[in-house]
There are 4 protein chains.
Amino acid sequence: MDRSKFKHTTQIKVRNYEVDWQGIVHNTVYLLYFEVGRVEYLKHIGVKVDINTIQGESKVVLVRNEINYKSPARFDELLTIYTRISFIKNTSFAFEAFLEEDLTKRLIAENMAIHVWLDSSTGIATTVDEKFKALVRKFEGDTVAILNNLKYS
Amino acid sequence: MDRSKFKHTTQIKVRNYEVDWQGIVHNTVYLLYFEVGRVEYLKHIGVKVDINTIQGESKVVLVRNEINYKSPARFDELLTIYTRISFIKNTSFAFEAFLEEDLTKRLIAENMAIHVWLDSSTGIATTVDEKFKALVRKFEGDTVAILNNLKYS
Amino acid sequence: MDRSKFKHTTQIKVRNYEVDWQGIVHNTVYLLYFEVGRVEYLKHIGVKVDINTIQGESKVVLVRNEINYKSPARFDELLTIYTRISFIKNTSFAFEAFLEEDLTKRLIAENMAIHVWLDSSTGIATTVDEKFKALVRKFEGDTVAILNNLKYS
Amino acid sequence: MDRSKFKHTTQIKVRNYEVDWQGIVHNTVYLLYFEVGRVEYLKHIGVKVDINTIQGESKVVLVRNEINYKSPARFDELLTIYTRISFIKNTSFAFEAFLEEDLTKRLIAENMAIHVWLDSSTGIATTVDEKFKALVRKFEGDTVAILNNLKYS
C-alpha cells in the first residue's frame, strides 16, 4: 500500500466501549472506522451519501472486505484514517485505507473494500456512474486507475 | 470454498439491533457472527478459549480477515455458521467459514481469518502449538492441510 | 419486581464480543438483551413487529428506560430474559423485564421501558390501540394493569 | 434537569453505523454517548480512568441508569454531551447528563447514572474516596450536593 497516494484523512478517537476484554480495540471495530473514512471521503469529494446512493440498497453495494491487522489500537488513542479510491473498473471500484496512530505513527490496520454498482430495478451490476467517476478523478487525479475498457470486473 | 469439507456448524438468529438503516444486517456484524463460529468451533474440538489463549493477547492473534458479501441477511432470519480450519502452517493457521440462511439456503457471506501464533514473552511468531494441531487434525481429519515443513508462512 | 408475574421468557447466550475490557458484559448490552426480550414477547402474543409498528417511527416510541445492574454477566453464560407488560395507560404502556443467569439463578439486571403510542400523521400521543390492549390482556390476564380512565398518562 | 448547572461538554458526531433501520440513532447508542461524556469529564477534572479505577472491576460500579428519550438524533448530526456530577452520598454518586443537537439546539436525551464505590477486596460498598470528592467539588463548586452525614445512600 503506497502511503504517498492518500490525500484524504479523517481523525477518530478510540472510545472506551470499543475496547474488548484484551484491552485492545475489537477486530470488527476497525471496519467501522474504515467505513467512517469512506463516508467522510465521499462527502468531501461531493458525492451525496444517503440511503439511496452510496451504501444504500439500490445503488452501490459492498461485496468484499480485506483487513490486515498490524498493531492493536488502545483506549483514547487518536487515529488518522487515510482513505482513497484506488481503482474504478466497469462495474466496480475499490476503496483502500489504512489507520495510523497519531503519537507513535504506528500502522494499526489496512483495508481494501470492493464495491459494485447495481441497477436499482434489476439488481444487476451496471456501469459505474460517470458523474461519480468524474468526482473521483477530480479529487484523486492520476493516482486512481480508471479502467474503462475492461469487459469483466 | 468447498462446502462439503465443513463439519462444524452453529446457529445464530439475526437480532433487530443488528439491522442497519437499509433494513439489512450491517456489514461488520457478519464478522461478529464468524467470530461466534470460531469460538464455538474451538470449544467443540477441545481448545480452551479464554483471555490467555486463543484470541488472547499473548498467544494467538488475528492478522487478516477476508469477507465476501453474497446476499444480505435480514431481521429474524436463522443463519447457520459453517466453520473449519483449512490449513495450518509453521506459525499460522486459517479459519474458513460461510453463513447460510436456513429457510432459503441462500449464501450470505464467506470469510477467511488468518491467525498467527505468538511467543508471549517476545511477541514474535512461533510454531503453532502441537497439542492444538493434534486437536484440529483429530476433528478435521484429512481436510485440514498441515504444512509442517514450510520455512516461511 | 414481582417475579411470579412473568410468563414470557427467552434465552440468550453471552457472546464473546459483548464482553468489555473488565471481562464482563458491557452495561449497554443488557439493553440490547431486554430489547430482544420485548421483540420475542410481541411476536409471541401476536403483535406484528416491523418498521411501521412497534419500535417503528410512526406508531410506538420508547420514551424512557430504567436499568438496575445487579450482578455482571460473563462470556458464555446462558441468560433467561423475563418480559412482561406491567401496565397500559391511555397513551402509554410499560415493559418490565429482568435477566437471570441460568446456572446460579443470580439476578443480572432489571429493566423498565416506557413506550408511548403516537399518531403517525401528527406525531402526537394518542390512545393505545385496542387490538394491542386485547392481545396483551389475553396473554397477561389480570397481572397487567389497564388504566383506561386516566386523563394523563 | 437544570441546564445552567452543567459546566462540562464534549462533542460527538453521529456515525452512520449508529443509525438503525428507522433512520435514527438506536436507543442503546445514547448510553454509549453518555459514557463518552463521563469518561471525558473524569479525565478533565483529573480522575485517572483505567481498568482499576472508575469503571474498573475493583472500585466503582454502575448500578443504575435512567434515560429519557426526547427527540431522535440522525446520521451526521453533531451532538453536545453535557455532563455533571449532581450528588455524592456516603457510598454512591450520580452523573447527570443530556444530549443536545448543535444546529437546532433540540434536546435529544437525558441520563442519570448512579455509581457505587466498592472495596476491592470485599466487594462491599464503601465510602466514596476523599480525593475523588475533592476533585469533583473543585470542578463543580456548589452545584454538587455532597451529603456526608447520610448513614444510608
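The values are calculated or read from the model by the stated rules, or taken from the named source; none is laboratory data. Computed from a predicted structure; not experimentally measured. In this analysis, Cβ positions are derived from the backbone assuming ideal geometry, glycine residues included, and neighbour counts consider all displayed protein chains.
The figures follow:
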read-out: Filter result for C:Ala113 (modelled with pLDDT of 95 or more, farther than 29 Å from C:Gly23 by Cβ and small (Gly, Ala, Ser)); value: no
read-out: Count of residues meeting criterion [within 19 Å of A:Ile88 (Cβ to Cβ) and out of contact with any helix residue (DSSP H, G or I) (no Cβ under 8 Å at 6 or more places or on another chain)] in the range A:118-139; value: 14
read-out: Among (1) more than 10 Å from chain B (Cβ to nearest Cβ); (2) at pLDDT below 95; (3) over 15 Å from the mean Cα position of the chain (by Cα); (4) surrounded by fewer than 21 Cβ atoms within 10 Å (Cβ to Cβ), the one test that A:Arg3 misses; value: (3)
read-out: Whichever residue in the range A:96-106 is without any contact (Cβ under 8 Å) to a residue 60 or more places away in the chain and in contact with a Lys or Arg (Cβ under 9 Å, 6 or more places away or on another chain) and, among such residues, is nearest to the other protein chains (Cβ to nearest Cβ); value: A:Arg106
read-out: Cβ pairs under 7 Å, 6+ apart, first in the range C:15-40 and more than 10 Å from chain D (Cβ to nearest Cβ), second assigned to a helix (DSSP H, G or I); value: C:Arg15/B:Val36; C:Asn16/B:Glu35; C:Asn16/B:Val39; C:Tyr17/B:Leu32; C:Tyr17/B:Glu35; C:Glu18/C:Val29; C:Val25/C:Glu18; C:Val39/B:Asn16
read-out: Residues (among the aromatic types (Phe, Trp, Tyr) and at pLDDT 90 or above) located in the range B:118-153; value: B:Phe132, B:Phe139
read-out: Residue match in the range D:24-38 (condition: crowded, with 19+ Cβ neighbours inside 10 Å, in a helix (DSSP H, G or I) and modelled with pLDDT under 90); value: no
read-out: Members of the range D:52-67 that are at pLDDT 50 or above and either under 14 Å from the mean Cα position of the chain (by Cα) or crowded, with 21+ Cβ neighbours inside 10 Å (or both); value: D:Val60, D:Val61, D:Leu62, D:Val63, D:Arg64, D:Asn65, D:Glu66, D:Ile67
read-out: Criterion violated by C:Pro72 - all others in (1) within 30 Å of C:Thr122 (Cα to Cα); (2) within 14 Å of chain D (Cβ to nearest Cβ); (3) not aliphatic (A, V, I, L, M) satisfied; value: (1)
